[in-house]
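The values are calculated or read from the model by the stated rules, or taken from the named source; none is laboratory data. It should be emphasised that the depicted structure is a prediction, and the values quoted were computed from it without experimental measurement. When we count neighbours, we look across all protein chains shown, and the Cβ atoms used for this are built from the backbone with ideal geometry, even at glycine. Protein only, heavy atoms only, side chains kept; ligands, DNA and RNA dropped before computing areas. Shrake-Rupley method; radii C 1.70, N 1.55, O 1.52, S 1.80 Å.
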Amino acid sequence: MSNLSFDHVHVISRNPEASAKWFVEKLEGKVTASHEVRGAPQVYIDFGGHKVIVRGQRPGEAAQDKTGLEWGTDHFGFQVAGNVDFRAYCAGLKSKGVKFTVDVTQFNPTTQIAFIEAPDGVIIELLQRK
């Protein structure tokens, strides 16, 4: 048994406040803290005890725009839990203006997936396991 447990995903954003607002309005996260860390704004958004931390560019850093597939982290995933109709949930996100890069797909007999695009080129997998 590992001594590790998941804590957070850290996203670098050109506009952290607007990015955080997207996570709250589109995915119903809750901002739990917002302050400056090492010269850049940093916003903490909670999703059931797990966090997405969105921060701005720090002095002296040179963040670059994403241009497509890169080595390193490709995406992170949120599981849609409970007795929720996954297709209806995704349709609700579309009605909020969320951009889907992959529509709802039956990945295997027990799992449906979809991919959405968050601000700053961040890709999020949505999945539901039965």
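Computing the accessible area with a 1.4 Å probe over protein heavy atoms, can you report the carbon and sulfur percentage for the range 61-130?
Using a 1.4 Å probe with all protein chains present, the range 61-130 comes out at 54 percent carbon and sulfur.
Just to be sure I understand the curve: with the Debye formula and one point per C-alpha of the chain, what is log10 I(q)/I(0) at q = 0.10, 0.15, 0.17, 0.18 Å⁻¹?
-0.35, -0.79, -0.99, -1.09
Run the numbers on the chain and let me know its relative contact order in percent, using alpha-carbon pairs under 8 Å that are six or more apart.
22 percent
Given the -39500 (n - 2.57) contribution per DSSP H run of 4+ residues, what per-residue ellipticity at 222 nm results for the chain, rounded to the nearest 500 deg cm²/dmol?
Using -39500 (n - 2.57) per qualifying helix, the result is -5000 deg cm²/dmol.
Where the only charges are on Cβ atoms (+1 Lys, Arg; -1 Asp, Glu), what is the dipole of the chain about its Cα centre, to the nearest 20 debye?
With Lys and Arg at +1 and Asp and Glu at -1, about 220 debye.
On average, how much accessible surface per residue is there in the range 26-129, in Å², for a 1.4 Å probe, leaving out ligands, DNA and RNA?
61 Å²
Along the charge dipole of the range 60-101, pointing to its positive end and built from +1/-1 on Cβ of Lys, Arg, Asp and Glu, which listed residue (Ala91, Leu69, Val80) has its Cα farthest out?
Ala91
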